[in-house]
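The values are calculated or read from the model by the stated rules, or taken from the named source; none is laboratory data. Not measured: the values here are computed from a predicted model. Positions of Cβ are generated from backbone atoms using ideal geometry, with glycine treated the same way; all protein chains shown enter the neighbour counts. For the accessible areas, the whole protein counts, side chains as well, though only heavy atoms, and no ligand, DNA or RNA atoms are used. Shrake-Rupley method; radii C 1.70, N 1.55, O 1.52, S 1.80 Å.
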Amino acid sequence: MHQAGEAAEQAGSDTLNAAKHLGKGTATAMRDTKITAKVKVALHEDKVTEDSDIHVDTVAGVVTLSGHVPSPDAAVRAEQLARQTEGVREVNNKLRVS
């Protein structure tokens, strides 16, 4: 019986911890969505990157740029714009020049 009580107590503790992390995960996802939107707007409004096919993905503040750009300058500019965006911790530039 004692083991069953300990197991039930541990399960309750695990559930509480999972709920706490779920809230943090939701907040992080919301921040990431906001960052992604800001980066996309910046790319769309910039003369160098506005006509590029750039995909933006953000996970925990780390932005990944992928897709195709017309020149090396456009790839560099896209990375600069992403880095300048509030909340961005790091940028992975996987853009291809085509």
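Within the stretch 41-98, which residues are among the acidic types (Asp, Glu) and in a loop (DSSP other than H, G, I, E, B)?
Listed by number, the residues that qualify are ASP46, GLU50, ASP51, GLU86.
Could you please tell me which pairs satisfy a Cβ distance under 9 Å, a separation of 6+ or placement on different chains, a first residue in the stretch 24-39 that is in contact (Cβ under 8 Å) with a residue 40 or more places away in the chain, and a second residue that is assigned to a helix (DSSP H, G or I)?
ILE35/ALA82; VAL39/ALA78; VAL39/LEU81; VAL39/ALA82
Kindly list, by first and then second residue, each pair from a residue in the stretch 65-86 that is without any contact (Cβ under 8 Å) to a residue 24 or more places away in the chain to a residue that is open to solvent by 40 Å² or more (accessible area, probe 1.4 Å), limited to pairs with Cβ atoms under 6 Å and residues at least 6 apart or on different chains.
GLU79/ASN93
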